[in-house]
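First comes the structure, then the notes that go with it.
The values are calculated or read from the model by the stated rules, or taken from the named source; none is laboratory data. Computed from a predicted model, the values in this text were never measured in an experiment. Heads up, the Cβs are rebuilt from the backbone with ideal geometry, glycines too, and the neighbour counts pull from every protein chain shown.
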Amino acid sequence: MDQTHIALITCTDAWPRDDDAPLLVQALADQQILAEPAIWDSPEIDWSSYTAAILRSPWDYTERPAEFLATLEQIQLSTKVLNPLAVLRWNIDKHYLDDLAKAGLSVVPTEFVSEVPSSPEQVFPSEGRFVVKPTISSGSRNTAQYGQSERAEARAHLEQLLAAGHQVMVQPYIDSVEDVGETGMVFFLDEFSHGFRKGALLTEGIAPVAGLYAPEAITPREPSPAELELAHRALQITRERCGTDSLLYARVDVLEDSDGQPQLLELELTEPSYFLRTDAASPARAAAAYARALA
């Protein structure tokens, strides 16, 4: 059997830290698919030599999103890009949360900020803790949590992000993350693969995360029927919105609201960690989905 050759799009600093990569590469090899890392901004890669280029861990794109999308458009002239470029173009900016909310999905309330407000009261919640982060970010980069007594620090953070050319989003800090945690759900070709619990990442009063990603406490978790229903609905809205029949990979992260109901926190369709180590059968499921998508 001939071996299929694919590129797993990454960046120089991320590949050695990508815990999913060795498990995925081995599972793909079992499917007769040779997968190798390809640095997204390298001028030396012949993308036409690959059957497909699949995003894996290009985690530095958040600092150069326009260049990243332009590069993917060029790559697409030579080979198939997955997830589809229309999905990636929509998903890299978290304004997608507004689209999903307008479509009727339960989403963590989000205020988007494109210019410095005359008063913080315009964008910061009047009570409780809250989170400030850029709309284009990954792995909690440039993200911080603030209490009401830290509104000056939050404003300084917001102004710093805006001055650097970012658009900004402000969300209430959902207290359930402290004890219940986030529930993450991973899908391959729109089929549920496995779930996990993610512990709290942000600590009040701590400086924004500056590296490629923040360390995460991940453990296996079986999502509830309500969480799965919300996830499937999010994927359905996305497929309709982006005009695609399927999504090779997706991760849906949710939190419980004050009534114990799931709310979407993030829909990761660009370069999500799969957390394959939380489910022994998940690498094989991922590889089988890749094989079907490439057939």
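Details
- Residue within the stretch 267-276 that is of a type outside the set (Ser, Thr, Tyr) and assigned to a strand (DSSP E or B) present: yes
- Selection of the stretch 216-266 for residues being part of a helix (DSSP H, G or I) and either of a type in the set (Val, Ile, Thr) or in contact with a helix residue (DSSP H, G or I) (Cβ under 8 Å, 6 or more places away or on another chain) (or both) yields ALA234, ILE237, THR238, ARG241, CYS242.
- Here the stretch 35-46 is the region considered, the condition is being under 22 Å from ALA295 (Cβ atoms) and surrounded by 14 or more Cβ atoms within 10 Å (Cβ to Cβ), and the residue that is farthest from the chain's Cα centre (by Cα) is ALA35.
- Those residues of the stretch 105-160 which are of a type in the set (A, V, I, L, M) and either surrounded by fewer than 16 Cβ atoms within 10 Å (Cβ to Cβ) or more than 30 Å from ASP60 (Cβ to Cβ) (or both), in sequence order: VAL116, ALA152, ALA156
- Residue in the stretch 196-203 that is modelled with pLDDT of 95 or more and exposed (fewer than 12 other Cβ atoms within 10 Å of the Cβ) present: no
- For the stretch 90-125, a residue qualifies if it is touching a helix residue (DSSP H, G or I) at 6+ places or on another chain (Cβ under 8 Å), assigned to a loop (DSSP other than H, G, I, E, B) and closer than 15 Å to PRO172 by Cα, and the qualifying residues are SER106, VAL108, THR110, VAL123, PHE124.
- Taken over the stretch 4-41, the criterion of being among the acidic types (Asp, Glu) and assigned to a helix (DSSP H, G or I) is satisfied by ASP20, ASP30.
- Looking only at the stretch 277-295, and only at residues there that are more than 22 Å from the chain's Cα centre (by Cα) and assigned to a helix (DSSP H, G or I), the one that is farthest from ARG197 (Cα to Cα): LEU294
- Residue match in the stretch 7-15 (condition: over 19 Å from GLU216 (Cβ atoms), surrounded by 22 or more Cβ atoms within 10 Å (Cβ to Cβ) and not β-branched (Val, Ile, Thr)): yes
- Here is the figure for the stretch 71-89: residues that are out of contact with any Asp or Glu (no Cβ under 7 Å at 6 or more places or on another chain) and not in a loop (DSSP other than H, G, I, E, B) total 12.
- Listed conditions (1) touching a Pro at 6+ places or on another chain (Cβ under 8 Å); (2) free of Cβ contacts under 8 Å to residues at least 60 places away in the same chain; (3) crowded, with 22+ Cβ neighbours inside 10 Å are all met by MET185, apart from (2).
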